[in-house]
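Take a look at the structure below.
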Amino acid sequence: MEQRLTREQRDQLAKLCAVTFDEPMSAHTVFGVGGPADAFIEVDGVMELKKVMGFAVERRVACTFIGAGSNVLVKDGGIRGIVLRLTGEFKETSVLHAVGDEVFVAAGAAVQMPQLVRWSLEEGFRGLEIMTGVPGVVGGNLMMNAGTRSGSMSDIVDEITILDRELREMTLKAKSLRFEYRKLKLPRTACILRAVIKLRRARPDEEPLKLGELLGKRRATQPTAAQSCGCVFKNPEKVSAGQLIEEAGLKGVRVGQARVSTLHANFIVNEGKASAREILVLIGLIRDRVKQASGIHLEPEVVILGEDR
Ligand code: EPU
């Protein structure tokens, strides 16, 4: 178990940067659940990030990064140490250079993926449409190798820049990155700062892509407006977790105010005041029932953070 921030550490941190203490994580996760973080800091730039990370490393205080909070389940006891979220200069996007039809776009880790997809389609670029409907920010999407059935971040990333635990910035080319299904393995990394994404210009004879149409399909099959964490489980090989959960008869099943979506069974929806505990009990129930019904062991895709109350 991680240590709570001491009174002295809180005072020191308050002198270092703008910080809120005992900040409820339910306010920063799309699921709308999660107890308090000892300290919550929104970091505007690399300088400030290094200052806060330096403080934490020196005192062995745990640091947890959250992005848009769209793929996390924070437990009811909250998170010990410091929770950091990148903002400010990490929200910038620019065209770095274009070579022939290829376009290289630099995007900060805090850039919202839905905005980036919209912008790239408006610019007439191709490549990012594979991320249509995926929530979250660039950093989180890279860490999770997020994607859709059309592809994932590993298909379009050219390089990433990270800050390591010795507070050094390092740029890593795509071919040296170890992407797996819904995972990026990064040794000794504090966080991703920005990425370069490789796109191409649409050819004049190509039909323009319509974001509304692309999103429509998603909205018809997933509870996109609900409080959820996206898909709860990874898809096992060759089969959809949603289908297995539906076949186990679990659509609509509730624990307290947590409910298996009636639209897509791999989503759990917080119907208003669910606790993390209720969601975790429902996750356990789904795993047990799917194992009984199909013999298949489901692995969570959602990142579970923090401690029980
Ligand atoms: N299905 C059911 N019941 C359900 C849900 C799905 O029978 O309740 C069936 C569908 O009818 C279809 C098949 O399962 O035949 C696949 O369904 P879908 O196209 O919805 O895709 P998925 O495998 O369930 C994956 C990703 C989603 C992504 C969609 C669309 C994972 C775990 N899920 O879902 O990603 O949005 O494809 O591209 O990889 C996420 O990662 O959080 C996520 C939501």
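Within segment 225-249, how many residues turn out to be in a helix (DSSP H, G or I), open to solvent by 30 Å² or more (accessible area, probe 1.4 Å) and touching a strand residue (DSSP E or B) at 6+ places or on another chain (Cβ under 7 Å)?
Going through segment 225-249 one residue at a time, the tally reaches 0.
Return the residue satisfying two criteria in turn: it lies in segment 34-51 and is touching a strand residue (DSSP E or B) at 6+ places or on another chain (Cβ under 6 Å) and among the hydrophobic types (A, V, I, L, M, F, W, C), and of such residues it is nearest to Leu86 (Cα to Cα).
Val43
Of everything in segment 33-73, what is open to solvent by 10 Å² or more (accessible area, probe 1.4 Å), of a type in the set (Asp, Glu) and assigned to a strand (DSSP E or B)? Give them in sequence order.
The answer is Glu42, and nothing else.
Filter segment 166-209 for residues that are within 16 Å of the ligand (Cβ to nearest atom) and open to solvent by less than 70 Å² (accessible area, probe 1.4 Å); which is modelled with the lowest pLDDT?
Leu209
Applying the selection to segment 149-165, what residues are touching a residue at least 40 places away in the same chain (Cβ under 8 Å) and either farther than 23 Å from Leu96 by Cα or within 14 Å of the ligand (Cβ to nearest atom) (or both)?
Arg165
Considering each of Arg277, Arg219 in turn, give the residue that is more than 8 Å from the ligand (Cβ to nearest atom), part of a helix (DSSP H, G or I), closer than 15 Å to Phe31 by Cβ and open to solvent by 70 Å² or more (accessible area, probe 1.4 Å).
Every option except Arg277 fails the conditions.
Taking segment 105-120 as the region of interest, how many residues are open to solvent by 30 Å² or more (accessible area, probe 1.4 Å) and of a type outside the set (Lys, Arg)?
Result for segment 105-120: 4.
Give the residues of segment 130-161 that are closer than 17 Å to Leu86 by Cβ and open to solvent by 20 Å² or more (accessible area, probe 1.4 Å), sorted by residue number.
Residues satisfying the conditions are Pro135, Gly140, Met143, Met144.
Output the number of residues of segment 115-151 satisfying the condition of being closer than 18 Å to Lys217 by Cα and not aliphatic (A, V, I, L, M).
Number of matching residues: 10.
Out of all the residues in segment 74-85, is one or more open to solvent by 50 Å² or more (accessible area, probe 1.4 Å), outside any loop (DSSP other than H, G, I, E, B) and modelled with pLDDT of 95 or more?
Yes: segment 74-85 contains one or more residues that are open to solvent by 50 Å² or more (accessible area, probe 1.4 Å), outside any loop (DSSP other than H, G, I, E, B) and modelled with pLDDT of 95 or more.
Scan segment 250-272 for residues that are within 8 Å of the ligand (Cβ to nearest atom) and either open to solvent by 50 Å² or more (accessible area, probe 1.4 Å) or of a type outside the set (A, V, I, L, M, F, W, C) (or both) and jot them down.
Lys251, Ser261, Leu263, His264, Asn266
The values are calculated or read from the model by the stated rules, or taken from the named source; none is laboratory data. This structure is a prediction, so every number in the text was calculated from the model and none was measured. Because the Cβ atoms are built from the backbone with ideal geometry, glycine has one as well, and the counts that use them run over all protein chains shown. The accessibility values were calculated without ligands, DNA or RNA, using every heavy atom of the protein model including side chains. Shrake-Rupley method; radii C 1.70, N 1.55, O 1.52, S 1.80 Å.
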